[in-house]
1. State the Cα centre-to-centre distance between region 25-59 and region 65-118 in whole Å.
2. Any idea what angle helix 29-41 forms with the longest principal axis of the chain, computed on alpha-carbon atoms, 0 to 90 degrees, nearest 10?
3. Can you give me the long-range amide H partners of A55? Hydrogens built in the peptide plane at 1.01 Å from N, cutoff under 5 Å, separation of 5 or more residues or another chain.
4. Loop-only trypsin sites (Lys or Arg not before Pro) in region 110-146, please: DSSP not H, G, I, E or B, and at most 12 other Cβ atoms within 10 Å.
5. Let me know the charge dipole size of region 91-161 about its Cα centre in debye, to the nearest 20, where only the beta-carbon of Lys, Arg (+1) and Asp, Glu (-1) is charged.
6. For S63, what charge total do you get from the other residues with a beta carbon under 14 Å from its beta carbon, if Lys and Arg give +1 and Asp and Glu give -1?
7. Tell me the net charge near E151. Cut-off is 12 Å between Cβ atoms, E151 excluded, with +1 for each Lys or Arg and -1 for each Asp or Glu.
8. In terms of modelled amide H atoms, which long-range or inter-chain residues lie less than 5 Å from the amide H of T146?
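Nothing in this text is a laboratory measurement; each read-out follows from the coordinates by a stated rule. All of these numbers come straight from a predicted model, not from anything done at the bench. A quick note on method: Cβ atoms are made from the backbone with ideal geometry, for glycine too, and the neighbour counts reach across all protein chains shown.
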Amino acid sequence: MKKIVTTLLLTLSLSPFVTAHQQKKYETDFLYRTIIETVQDVDFERMGSSYHPDAVIVTAKKSTPIKSVLKRWKKEGEKLQKDGGHARVKFRFVNRIVNKTTAFESGIYRYSTVDNLGKETVVFAHFEDLNIKKSGKWLTIMEHQTKIATEKEWNNLSDWN
């Protein structure tokens, strides 16, 4: 019994530290919340405002200006919505290096679509973002979608928001 009480007290005394670590806030959180909201709302103009005008999306095969990518994403998102479906994105982080004006953040995103019949399609992908703070606003200047992730990798990371 004494061992159980000691373990319980130790667990309770450490829980604020664990919780504080899991709930650490970063200035760039707003940037990722914006992406989550704009995917859900099919609002690609607002999504575009979270990227630097010269931003690029980098994949294993190419580097593309964000303006071109946003046009494609908008077309796909509006078609999905018109057809009765919807999309969602979530982020989980592996590393977040954030200072007053620059940030490098990496992790896995979970992008899902649900069609009008309720069929869900899910993609997990590793990402790396380079963000800058310009005129008081955080902007993504480079998004590197490094490789496909697994659901197991996703599940091994903590929920972010």
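1. Each part's Cα centre sits 8 Å from the other's.
2. Approximately 50 degrees, to the nearest 10.
3. Those lying under 5 Å, H to H, from A55 are I66.
4. Qualifying residues, ordered by number: K119.
5. 340 debye
6. 0
7. For residues surrounding E151, the net value is +2.
8. Under 5 Å from the amide H of T146: H126, F127, E128.
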